[in-house]
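Every number in this text was worked out from the coordinates using simple rules, so none of it is lab data. Quick caveat: nothing in here was measured; it's all calculated off a predicted structure. All Cβ positions, even for glycine, are placed from backbone atoms using ideal geometry, and neighbour counts span all protein chains on display.
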Amino acid sequence: MHHFADSCLLPFEIGPCQDNQQLWYFDKSLGYCKTFVYGGCEGNQNRFFTEDECMHYCSIHLYKKQMEISHPMLVLIGYNPVPLGSTITLRCKANGQYPIQWHKNGILFQVTNDDQRIYMNDDHSELHITKIQQSDVADYLCSVGLNAILSNSIYLNVKDVEMVESCIDKGNQITCKLIHKIGLCSNPRYNSFCCHTCFVTNKFT
């Protein structure tokens, strides 16, 4: 009988025929093989002639499937090094795996009410750090799923910003104040467009 990679994840099927064959199927909820009565025709590939065959095949293929689970990817939205006082977002691309947890310098990172500069979105896939400080310098990574599969790490560094003469607003004052208010100064394009406003408001807030 030909089996495919996900055979072991299927429920057993007796089939429409009336023969009574005692075969084995893999019960994914229990993690081992059990007997069932097979009718002799049709059904699916989650059926084996012996317990040994069932356990051998499914243990190997399920292990391979676990190893193929994709690792999450951590990306930084904004500058790095980050200008002091600005805002950045760390996004954990979890590929649909939950829960998502964050780690700072190898230690589980919990957002507390004491520091309202830092917050997460509802599913914890994004970590927002506002008004960047020197204390935010660290290695960050995320972990996903019940097995806490780790992402790549990103070393977040900061730099002091000195305003240069060419740092001027290309947009009008109302537009640039709005850009700062909604947090777009961390985007290089908007930061360049409203350089003076982004610099001054981040420097003195």
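Per-residue 3J(HN,Hα) values for region 146-160, derived from phi via the Karplus relation 6.51 cos²θ - 1.76 cosθ + 1.60 with θ = phi - 60°, read 5, 8, 6, 6, 8, 8, 5, 9, 10, 8, 8, 10, 10, 9, 7 Hz in sequence order (x marks Gly and Pro). Put a dot 7 Å past the Cα of Glu126, heading toward its Cβ, do the same for Tyr57, and the two dots end up 4.6 nm apart. Taking amide hydrogens as placed 1.01 Å from N in the peptide plane, the amide H of Phe109 sits under 5 Å from those of Trp102, His103, Lys104, each at least 5 positions away in sequence or on another chain.
Using C-alpha pairs under 8 Å with a sequence gap of at least 6, the mean separation divided by the residue count of region 7-67 gives a relative contact order of 37 percent. Note: region 85-154, Cα convex hull, 87 Å³ per residue. For region 7-67, what is the convex hull volume of the alpha-carbon atoms per residue, in Å³? Cα-based convex hull of region 7-67, divided per residue, equals 64 Å³. With R₀ set to 35 Å, the beta-carbon distance separating Asn44 from Lys93 gives a calculated FRET efficiency near 0.55. Farthest towards the positive end of the charge dipole of the chain, among the residues Gly85, Asn44, Asn157, is the Cα of Gly85, using unit charges on the Cβ of Lys, Arg, Asp and Glu. For the residue pairs Lys131/Lys170; Lys104/Lys181; Lys104/Lys170; Lys104/Lys159; Lys93/Lys170, the C-alpha atoms sit more than 30 angstrom apart in Lys104/Lys170; Lys93/Lys170.
Here the calculated FRET efficiency for Ile107 and Ile182, from their Cβ-Cβ distance with R0 = 25 Å, stands at 0.20, rounded to the nearest 0.05. Label sites at Asp19 and Asp6, each approximated as a point 7 angstrom past Cα along Cα to Cβ, lie 2.8 nm apart. Checking [x] 120, 38, 28; [y] 87, 33, 27; [z] 45, 44, 35 against Cα extents along the principal axes in Å calculated from these atoms, the matching label is [y]. Of the beta bridges in region 70-160, as assigned by DSSP with both residues counted there, near 95 percent are antiparallel. Dipole check for the chain: with +1 at the C-beta of Lys and Arg, -1 at the C-beta of Asp and Glu, and the Cα centre as origin, the magnitude is about 880 Debye.
Close amide H pairs (under 5 Å, H built 1.01 Å from N) link Ala138 with Leu156, residues at least 5 positions away or on another chain.
Summary value for the chain: 17 percent relative contact order, contacts being C-alpha pairs under 8 angstrom separated by 6+ residues.
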